[in-house]
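Following: one structure in structure tokens, then a few remarks.
The values are calculated or read from the model by the stated rules, or taken from the named source; none is laboratory data. Everything quoted here is computed from the prediction, not taken from an experiment. FYI the Cβ positions are ideal-geometry reconstructions off the backbone, even for glycines, and counts take in every protein chain you see. Note: areas computed on protein heavy atoms with side chains; ligands, DNA, RNA excluded. Shrake-Rupley method; radii C 1.70, N 1.55, O 1.52, S 1.80 Å.
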Amino acid sequence: MKDKKVIRFNLIENALAKHYMTILRNKNTKVSEFRFALDKLSKILAIATVENFELTEIQIETPLEATQGQTLNSPIVIVPVLRAGLSMLPAFIDFLPEAQIGFIGQRRDEKTAIASEYYRNFPEIKNKKIIIIDPMLATGGSAVSTIECLLAEGGKIEDLFLACIIVAPEGLANLQNKFPQLQIFACALDRCLNEKKYILPGLGDAGDLWTGMS
Ligand code: PRP
Ligand code: URA
């Protein structure tokens, strides 16, 4: 059997993703519409992220006859990066209602854009698939710090998946350089970072917009 080629960066740019991305980016979008669009994009990402997860064959009976089915077998931990990662959590739980949830808090310094961890609370993560969710990957500092933490807690790089709404080329290169095995999923690869390390064209501050603070 031929090995399926593993693509480490997966850009999901279908018509629905483009439609909701446009709503998300528009500065005239109301907070209710922003949350709605972010939830839809997160659902698109959730489907893409688990697309190649292992399935176990099971025997079931339809009302008419016995048949073979498949079930997702590996335990999954979803890790939203606080705060903005929480915005994607309902969509992921919707498709993965059995998943455990672990939290990590990362805050970028407003002047230096350097991320620092301020909170962590995980279930046991060994031998589990771990999906990190965070809408924005800018310099990659928050994601690097999160991944280092998960590896230190016993996670394996081949079991880590990062799902972002928008990624910047700088952050993507940073991650691919440090963790070439990491699987990354995104709905947009933007142009670059500005001098304040915000993504262009981007959408602004995802955490502030989702919480209704801006
Ligand atoms: C945002 C975003 C990412 C990070 C990305 O969080 O949600 O976690 O910035 O930037 P980076 O790739 O340069 O690290 P922020 O630190 O603004 O915190 P928040 O989620 O509380 O708004
Ligand atoms: N965090 C955000 O919320 N937006 C950016 O553009 C960069 C980091």
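Every residue, every condition in (1) touching a residue at least 60 places away in the same chain (Cβ under 8 Å); (2) surrounded by fewer than 16 Cβ atoms within 10 Å (Cβ to Cβ); (3) over 22 Å from Ala186 (Cα atoms), yes or no:
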position: Pro90; (1), (2), (3): no, yes, no
position: Leu96; (1), (2), (3): no, no, no
position: Ala99; (1), (2), (3): no, no, no
position: Gln106; (1), (2), (3): no, no, no
position: Ser116; (1), (2), (3): no, yes, yes
position: Arg120; (1), (2), (3): no, no, yes
position: Lys126; (1), (2), (3): no, yes, yes
position: Ile131; (1), (2), (3): yes, no, no
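Answer yes or no: is there a residue in the range 189-206 that is away from ligand 2 (no atom under 16 Å from the Cβ) and out of contact with any Lys or Arg (no Cβ under 7 Å at 6 or more places or on another chain).
No, the range 189-206 contains no residue that is away from ligand 2 (no atom under 16 Å from the Cβ) and out of contact with any Lys or Arg (no Cβ under 7 Å at 6 or more places or on another chain).
Return only the number of the condition from (1) within 16 Å of ligand 1 (Cβ to nearest atom); (2) of a type in the set (A, V, I, L, M, F, W, C); (3) part of a helix (DSSP H, G or I) that Ile93 does not satisfy.
In the conditions (1) within 16 Å of ligand 1 (Cβ to nearest atom); (2) of a type in the set (A, V, I, L, M, F, W, C); (3) part of a helix (DSSP H, G or I), Ile93 misses (1) alone.
Condition first: outside any strand (DSSP E or B), under 27 Å from Leu72 (Cβ atoms) and within 14 Å of ligand 2 (Cβ to nearest atom). Now tell me which residues in the range 105-145 satisfy that.
Just the residues of the range 105-145 that are outside any strand (DSSP E or B), to begin with: 109-114, 122-128, 134-135, 138-145.
Okay, now just the ones that are also under 27 Å from Leu72 (Cβ atoms), so 122-128, 134-135, 143.
Within the range 105-145, Asp134, Pro135, Ala143 qualify.
Restricting to the range 14-31, and then to whatever is closer than 22 Å to Pro169 by Cα and either at pLDDT below 95 or among the hydroxyl-bearing types (Ser, Thr, Tyr) (or both), can you tell me which residue is most open to solvent (accessible area, probe 1.4 Å)?
Out of the qualifying residues, it is Thr22.
Quick check: anything in the range 187-200 part of a helix (DSSP H, G or I), within 10 Å of ligand 1 (Cβ to nearest atom), open to solvent by 50 Å² or more (accessible area, probe 1.4 Å) and over 22 Å from Ile130 (Cβ atoms)?
no
Filter the range 201-213 down to residues that are more than 10 Å from ligand 1 (Cβ to nearest atom) and open to solvent by 40 Å² or more (accessible area, probe 1.4 Å) and give me whichever is farthest from Gly171 (Cα to Cα).
Ranking the candidates gives Gly212 first.
Would you please list the contacts, defined by Cβ atoms under 7 Å and residues six or more apart or on different chains, that run from a residue in the range 158-179 that is more than 18 Å from Asp190 (Cα to Cα) to a residue that is open to solvent by 40 Å² or more (accessible area, probe 1.4 Å) and of a type outside the set (Lys, Arg)?
Going by the 7 Å Cβ cut-off, the qualifying pairs are Glu158/Gln181.
Could you list, in sequence order, all residues of the range 172-186 that are under 15 Å from Asp159 (Cα atoms) and part of a helix (DSSP H, G or I)?
Just the residues of the range 172-186 that are under 15 Å from Asp159 (Cα atoms), to begin with: 179-185.
Scanning the range 172-186 gives no hits.
For the range 125-151, what are the residues that are closer than 17 Å to Pro169 by Cβ and aliphatic (A, V, I, L, M)?
Residues satisfying the conditions are Met136, Leu137, Ala138, Ala143, Val144.
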